[in-house]
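Trainee: Before anything else, here's the structure in question.
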Amino acid sequence: MSLVIVNTRVANLASVDFAFRRLGITPVISADPQVIRNAERVVLPGVGTAAAAMRSLRTLALVDTLQGLSQPVLGVCLGMQMLTEVSAESADGAIECLGVIPGRIERMANARNKPLPHMGWNQTQVSDHPLFAGLHDPWFYYVHSYAAPVSEFSIAQCEYTQAFSGAIARDNFMGVQFHPERSGTDGARVLKNFLELSC
Amino acid sequence: MLAKRIIPCLDVRAGQVVKGVQFRNHEVVGDIVPLATRYAAEGADELVFYDITASSDNRVVDKSWVSRVAEVINIPFAVAGGIQSVEQARDILAMGADKISVNSPALRRPELINELVDEFGQQCVVIGIDSFFNAESGEYEVYQFTGDETRTLKTQWQTADWVQEVIARGAGEIVLNCMNQDGVRQGYDVKQLAAVRAQCSVPLIASGGAGEISHFIDVFRDANVDGALAASVFHKGIIAMDELKQQLRRAGITIRA
């Protein structure tokens, strides 16, 4: 199985890399459009801000490449947010994202006694999407202040200061707001399911 | 529901995990990677590694173990100790640490917090605060260089003010170490933590004083902190992780299964 982790230059790639290695896969870390197009699986990681990450994808001329992929693609955390149409995470207005899954990323609501970022383990309701095969009310590790609202594209739902999408998907594009690479055995199962998807 | 986090802390010196009493007289408790692996397997929610000599020796942590830890464990972990620049932080994050925790260098140069947040995002940046209750003045005072007793220094900051300062500069999480309680296992400083909690808009982690399971129940229930950090009770096997989590759950506290 060939798997590419897209090197966005702004993300911490080591922990995602190590998580797949623990499953017996050796990822290729690359920003080369040809390498990305030819991979059987593509992972879009992300840490940092949407503005910096999208700027990096544009600089690397990867926007068209990523939008045109037909193999299974998994966005993680900010990588998930970048799959949607627009993110509000910017000092100067909204940031246009890849737009392969409909939706808009908004800052999470404030609530008394619930500090942001939403940081830690939260129990998540998952759908019957194959990404969650074998999981029942799993616990995942989240770190984020922006989120995708619940929509028809939600394949998992979580609750903090508001209900939000724990994961979203359309066709071959999937995104998880949590960090499967840091979510213990439940997270490892999600990554394993991603490798075993047929589509 | 977001779970409360149980966070074993591994103080690191010369590549081994050590533990002192009130920051002094350190004894070796084991090797880093096997201990980290064991805690992850037992159900720890997160780990923190402090290179306790780093800040006081004016050098960055010996980093080779960071990627060895990242390779084997599947829970988040933070690395602390002498991180004084964006470049040093970048190295540690690139090796697979999820967060960096900064203490003395932020006191020396508070702009460091802004620089780290701008570069890596708020979620990566934890600020550690060593707070000492001065019984004479009745005030909570911030100390620095607490890794080395000969250089430990009182700063100009009162704890409540420094908490606000680091939040204003973008800190993503605060670990409040109550020095009077550290290593003596008489319970967390619930009073101080509850006061800080009320003023703290980011996640707050309690540190210093865990000695028995009831101390964890108290600090989650009465101070409403997001996580509780402890070292010796885990290293010495005084508290078993599964027993701790069971009793917390029984006390009505949300804990990861």
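We did not get these values from a lab; they are worked out from the coordinates using the rules stated. None of the values given here were measured: they were computed from a predicted structure. Backbone-built Cβ (ideal geometry, glycine too); neighbour counts: all protein chains shown.
Trainee: Can you work out the FRET efficiency for the pair B:SER85 and A:ALA111, with r the C-beta to C-beta distance and R0 = 25 Å, to the nearest 0.05? Don't jump to the answer; show the numbers that get you there.
Mentor: Working: r = 36 Å, r/R0 = 1.43.
Working from the Cβ atoms, E equals 0.10.
Trainee: Follow-up. Give, as a single signed number, the net charge of other residues whose beta carbon lies under 15 Å from the beta carbon of B:ILE174, with Lys and Arg counted +1 and Asp and Glu -1.
Mentor: Working: positive: B:ARG5, B:LYS99, B:ARG169, B:ARG197; negative: B:GLU46, B:ASP130, B:ASP161, B:GLU165, B:GLU173, B:ASP189, B:ASP226.
Overall, the nearby charge balance is -3.
Trainee: What are the ³J(HN,Hα) values, in whole Hz, obtained from phi via the Karplus relation 6.51 cos²θ - 1.76 cosθ + 1.60 with θ = phi - 60°, for each residue of the range A:155-164 in sequence order, with x given for Gly and Pro?
Mentor: 10, 8, 10, 9, 9, 9, 6, 7, 6, 8
Trainee: Let me ask something additional. Need the C-alpha centroid separation for the range B:234-257 versus the range A:141-170, integer Å.
Mentor: When both Cα centres are located, 28 Å separates them.
Trainee: In peptide B:162-172, what is the residue-averaged number of other protein chain Cβ atoms found within 10 Å of each Cβ? Working shown, then result.
Mentor: Working: counts 0, 0, 0, 0, 0, 1, 0, 0, 0, 0, 6.
The shielding value for this peptide is 1.
Trainee: Go ahead and set up a Gaussian network model of chain B, Cα springs under 10 Å, then flag whichever of B:SER104, B:SER85, B:SER232 fluctuates most.
Mentor: Of B:SER104, B:SER85, B:SER232, the Gaussian network model singles out B:SER85 as fluctuating most.
Trainee: In percent, what relative contact order does chain A have, based on Cα pairs under 8 Å that are 6 or more apart in sequence?
Mentor: Working: 459 pairs, mean separation 38.4, N = 199.
Contact order relative to length: 19 percent.
Trainee: Still on this structure, please answer the following. Of the DSSP beta bridges with both residues in chain B, give the percent that are antiparallel, rounding to the nearest 5.
Mentor: Bridges in chain B are about 35 percent antiparallel.
Trainee: If you scale each eigenvalue of the Cα gyration tensor by 5 and take the root, what three semi-axes come out for the range A:141-199, rounded to whole angstrom and sorted largest first?
Mentor: Numbers: eigenvalues 77, 49, 12 Å².
Listed largest to smallest, the semi-axes of the range A:141-199 are 20, 16, 8 Å.
Trainee: Within the set of other residues whose C-beta is less than 15 Å from the C-beta of B:THR159, count the net charge using Lys and Arg as +1 and Asp and Glu as -1.
Mentor: Numbers: positive: B:LYS154, B:LYS191, B:ARG197; negative: B:ASP130, B:GLU139, B:GLU141, B:ASP161, B:GLU165, B:ASP182, B:ASP189.
Net of charged neighbours comes to -4.
Trainee: Related question: Got a sec? How would A:CYS77, B:CYS200 order by Cβ neighbour count within 10 Å, fewest to most? Provide the component values of the computation, followed by the final result.
Mentor: Numbers: A:CYS77 26, B:CYS200 22.
By the 10 Å Cβ count, ascending: B:CYS200, A:CYS77.
Trainee: Semi-axes of the equivalent ellipsoid of the range B:5-250: what are they in whole Å, largest first, if each equals the square root of 5 times a C-alpha gyration tensor eigenvalue? Display every interim value, and only then the final one.
Mentor: On the way: eigenvalues 106, 101, 62 Å².
Equivalent ellipsoid semi-axes, largest first: 23, 22, 18 Å.
Trainee: What does the C-alpha gyration tensor say about the overall shape of the range A:3-196? Classify as rounded when a/c is under 1.5, otherwise prolate if a/b is larger than b/c, or oblate. Intermediate values should be presented prior to the final figure.
Mentor: Values: a/c = 1.58, a/b = 1.12, b/c = 1.40.
Oblate, because a/c is 1.5 or more while a/b does not exceed b/c.
Trainee: Oh, and also: Where in the range A:137-152 does the label zone of A:THR185 land, with the point 7 angstrom along Cα→C-beta and an amide N cut-off under 20 Å?
Mentor: A:137-142
Trainee: Assign one of three labels to the protein assembly as shown, namely rounded, prolate or oblate, based on the Cα gyration tensor with a ≥ b ≥ c the square roots of its eigenvalues; rounded applies when a/c is under 1.5, prolate when it is not and a/b is larger than b/c, and oblate otherwise.
Mentor: On the way: a/c = 1.70, a/b = 1.63, b/c = 1.04.
Prolate, since a/c reaches 1.5 and a/b exceeds b/c.
Trainee: Which trypsin sites (Lys or Arg not before Pro) does the range A:137-192 hold that lie in a coil by DSSP with at most 10 other beta carbons within 10 Å?
Mentor: Values: sites: A:ARG170, A:ARG182, A:ARG189, A:LYS192; in loops: none.
Within the range A:137-192, no trypsin sites (Lys or Arg not before Pro) qualify (loop, at most 10 other Cβ atoms within 10 Å).
Trainee: Also, I was wondering about something else. Please list, by residue number, every one of the trypsin sites (Lys or Arg not before Pro) in the range B:163-257 that is coil in DSSP and has at most 14 other beta-carbon atoms within 10 Å. Intermediate results must be reported in sequence, preceding the final value.
Mentor: Working: sites: B:ARG169, B:ARG185, B:LYS191, B:ARG197, B:ARG221, B:LYS236, B:LYS245, B:ARG249, B:ARG250, B:ARG256; in loops: B:ARG169, B:ARG185, B:LYS236, B:ARG256.
Of the trypsin sites (Lys or Arg not before Pro), the ones in loops of the range B:163-257 whose Cβ has at most 14 other Cβ atoms within 10 Å are B:LYS236.
Trainee: Give the relative contact order (percent, whole number) for chain B; include only Cα pairs under 8 Å separated by 6+ residues.
Mentor: Details: 548 pairs, mean separation 47.3, N = 257.
Computed value for chain B: 18 percent relative contact order.
Trainee: Could you pull out the longest piece of chain A with no exposed loop GluC sites (Glu not before Pro) in it, calling a site exposed if DSSP puts it outside H, G, I, E, B and it has at most 14 other Cβ atoms within 10 Å?
Mentor: In chain A, the maximal stretch lacking such sites is A:41-151.
Trainee: Which percent, to the nearest 5, of DSSP beta bridges fully inside the protein assembly as shown are antiparallel?
Mentor: Working: 39 of 85 bridges.
The antiparallel proportion sits near 45 percent.
Trainee: Additional query: Quick one: Karplus J couplings for the range A:118-130, per residue in order, coefficients 6.51, -1.76, 1.60, θ = phi - 60°, nearest Hz, x for Gly and Pro?
Mentor: For the range A:118-130, the Karplus-derived couplings read 6, 10, x, 8, 9, 6, 10, 8, 10, 8, 8, 4, x Hz, x marking Gly and Pro.
Trainee: Most exposed first by the Cβ proxy, i.e. fewest other Cβ within 10 Å, how do A:MET119, B:MET241 rank? Don't jump to the answer; show the numbers that get you there.
Mentor: Details: A:MET119 27, B:MET241 17.
By the 10 Å Cβ count, ascending: B:MET241, A:MET119.
Trainee: Considering the options A:GLN123, A:GLY24, A:SER151, tell which one lies farthest towards the positive end of the dipole of the range A:3-196, charges being +1 on Lys and Arg and -1 on Asp and Glu at the Cβ, about the Cα centre.
Mentor: Farthest towards the positive pole: A:GLY24.
Trainee: What residue among B:ALA240, B:ALA206, B:ALA78 shows peak mean-square fluctuation when chain B is described by a Gaussian network model with Cα springs under 10 Å?
Mentor: For chain B, modelled as a Gaussian network with Cα springs under 10 Å, the answer is B:ALA240.
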